[in-house]
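Every number in this text was worked out from the coordinates using simple rules, so none of it is lab data. Every value quoted in this text rests on a predicted model; they were computed, and no experiment measured them. Cβ: placed from backbone, ideal geometry, glycine included. Neighbour counts: every protein chain shown.
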Amino acid sequence: MPSPAIEIPVGERMVRISNPDRVYFSARGETKLDLVNYYLSVGPGILRALRERPCMLHRYPDGVDGEKIYQKRVPKGAPDWLETVEVKFPSGRTADELCVTELATVAWAVQMSTVEFHPWHSRRADTERPDELRIDLDPQPGTGLAEAKLVALLVREALEELGAVGWVKTSGSKGLHIYVRIQPLWGFREVRRAALAFAREIERRAPQLVTTAWWREERGEQIFLDYNQNARDRTIASAYSVRGRPHGPVSAPVTWSELPDVEMEDFTIATMPARFAELGDLHEGIDDAVWSIEPLLEWADRDERDGVGDAPYPPNFPKQEGEPMRVQPSRARKPAPEKMIDLDE
């Protein structure tokens, strides 16, 4: 039998939680209510990561061992105090997405079976102009977190040369994310262009360790710097977001000094509340470290002068101006061999 619903106070609101005893994480048995309490325990951190951003929700109505639902639109019947913002997708369609402005909104989302929060890199004031550059270090088969850490240190070094501050966190899955707060003066296309130029520079510095190749068949045993995470409507799990796995891993902010020693399994819904209580939000200063992407746009101009143009967009995007052929190399149509003519016949 389902457990009876309860109401919990969150700020000035009461949030109803149905089936609070439903097990969401099978490894240790944490429940839906445990998940709510986890997010409340890291409240200032998850709010800083989500505040005023359009947010896609990853829902697991039967727990993380069950079906996953990608929720972009706020459903009908949502409380009238929830706030939303209209966003435009690459298809040209629009939707009203959840816009977190208070902790009660996070609790409501968990009531709706949300485990993961995936915010945009722009805010409600101007959803067309990102204020966050995202550097996604994605280990490919044959590599792992150890190699991602090495690349992260190269990223930090390059950012420091540019006068930018990188804020690192574990992905909660395999790799690392590094965020840079930027002036919201450019659109998605230019921010992605800047991210691609930066990724290519890191690739030049460590060509045996780093790749920007979009097609998996070309990446090899390297760390992929996913520049396309800066395109419109591309989202990654926020800081403090739980991930949908049985042991409840968390995408955890870490300090640069502790990064060499961290392991992904260090951060779960069981361990993060105590860590947060002791250390607070390690990304607390992120909104004060705002930087201009102009140097990266100059790098992009340099690459284009050197004949290095754009790279493929994700498959759900319309073909973009200046984008190369969007087909994996092994499937690209090869030119027919030239016909030989014997002039003596």
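For residues that are among the basic types (Lys, Arg) and in a strand (DSSP E or B), scanning just region 86-145, find the one that is nearest to the chain's Cα centre (by Cα). That would be Arg134. Please verify whether region 236-259 includes one or more residues that are assigned to a loop (DSSP other than H, G, I, E, B), out of contact with any Ser or Thr (no Cβ under 9 Å at 6 or more places or on another chain) and surrounded by 21 or more Cβ atoms within 10 Å (Cβ to Cβ). Yes, there is a match, as at least one residue in region 236-259 is assigned to a loop (DSSP other than H, G, I, E, B), out of contact with any Ser or Thr (no Cβ under 9 Å at 6 or more places or on another chain) and surrounded by 21 or more Cβ atoms within 10 Å (Cβ to Cβ). Scanning region 16-25 for any residue that is in contact (Cβ under 8 Å) with a residue 12 or more places away in the chain, crowded, with 20+ Cβ neighbours inside 10 Å and in a helix (DSSP H, G or I) turns up nothing. If you go through region 53-70 and pick out every residue that is outside any strand (DSSP E or B) and buried (at least 18 other Cβ atoms within 10 Å of the Cβ), you end up with 4.
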